[in-house]
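Accompanying notes for the structure given below.
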Amino acid sequence: MNLFKTAIYSLLILGLLSCGRLPQYAMNGIGLMGTTAFKIGELKPETGNGTTVRLQGKVVQQIPLAGWRMYQLQDSTGKIWVLTKRTNVRLQTPVSIEGKVYFQSIPIAGQDFGEIYVEEQQVQTPTR
């Protein structure tokens, strides 16, 4: 029995110590296990359509659409548009979201002016 307790305590301590090596933003996100936390500037068209990510930032713009709403989320590394069904999006509000990344290609005169965006799946407004 003492060996079992020692093994459990050792695993707990090892787990706690290993959390100190994670990047800070990877520990602050919300969502399911296996969801990757990103800074907005890290998202690229190659990230993959439908990849689930966690993001944190502040709402800096919003656009109402028919049945939807888009808002621009900004962190220290950049901005990205987020597609949501929520109607209570407020400017300058900090949020943590989990969503799916998509890339919309917009070819014009032989150049691609495409943009990546996130379709919101979950949201959490951080407490101050």
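Below are the figures for this structure:
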| quantity | calculated |
| --- | --- |
| Within the stretch 81-114, chymotrypsin sites (Phe, Trp or Tyr not before Pro) in DSSP loop having at most 16 other beta-carbon neighbours inside 10 Å | Phe113 |
| Cα-only Debye scattering, the stretch 37-78: base-10 log of I(q)/I(0) at q = 0.17, 0.23, 0.31 Å⁻¹ | -0.57, -0.90, -1.05 |
| Neighbour-limited loop hits for trypsin sites (Lys or Arg not before Pro), the stretch 58-106 (at most 14 other Cβ within 10 Å; DSSP other than H, G, I, E, B) | Lys85, Arg86, Arg90 |
| Relative counts (whole %) of C-alpha pair distances in the stretch 47-117, using bins that are 5 Å wide | 4, 15, 24, 25, 18, 9, 4, 1 |
| Relative contact order of the stretch 30-124, defined on C-alpha pairs under 8 angstrom at six or more residues apart (%) | 29 |
| For Leu65, Leu43, order by how many other beta-carbon atoms lie within 10 Å, fewest first | Leu65, Leu43 |
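Taken together, the values in this text are just the output of simple stated rules run on the coordinates, not laboratory data. Here the structure is a predicted model, which is why all the values come from computation and not from measurement. Please note: Cβ atoms are built from the backbone with ideal geometry, for glycine as well, and neighbour counts cover all protein chains shown.
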